[in-house]
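Read the structure below first, then the notes.
No lab work stands behind these numbers, since they all come straight from the coordinates. Quick caveat, the model's predicted, so the values are computed rather than measured. Cβ atoms come from the backbone with ideal geometry, glycine included; neighbour counts cover every protein chain shown.
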Amino acid sequence: IEPDVFKDDRGFFFESFSLKKYEALFDDLEINWKFLQDNHSKSKKNTVRGLHFQAYPGQTKLIRCSYGKIWDIVVDIRPNSPNFKQWHGMELGSENFRQILIPIGFAHGFSVLSEYAEVQYKTSNYYDPNLEREVSWNDPDLKIDWKV
């Protein structure tokens, strides 16, 4: 997702979330996304976080990097999917303003490319430590290039 960013000599402005705008987009994709919780993390360069997901009922996440730069990774963990165990990487950062929507059925992680990075994400369900699951960040079957 690449939001509209308005820049001038004073800085910039953009809507990081608009219910009206995102509702139309996400409902068309038939994704459970009604966000209930916001999270914010700060990590140092070369940190790898993930790969995390929650067991049923799961969480949809909307991720953005508000400071610095990260290499964001999404892995399809749906056993019956033709894309099972395939991963996709995307650079997110405070310079490109990109966001990524991660539906239920995908694991998420990122590595920090800048001196440090702050990542903010919305989730469609509350965090529950009893439902927390992870896939090893260095799983040899996935062969993820973390760029660190």
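See the values below:
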item: For region 33-134: relative contact order, % (alpha-carbon pairs under 8 angstrom, 6 or more apart); result: 49
item: Within the chain, longest stretch free of exposed GluC sites (Glu not before Pro) [DSSP loop, at most 12 other beta carbons within 10 Å]; result: 31-94
item: Normalised alpha carbon radius of gyration of the chain [divisor 2.2 N^0.38 Å]; result: 1.05
item: Within straight-line cross-link reach of Lys45, aspartates and glutamates at Cα separation under 16 Å, skipping those fewer than 8 residues along the same chain; result: Asp72, Glu91, Glu115, Glu118, Asp145
item: Mean residue ellipticity (222 nm) of the chain, computed from DSSP H runs ≥ 4 via -39,500 (n - 2.57), nearest 500; result: -2000 deg cm²/dmol
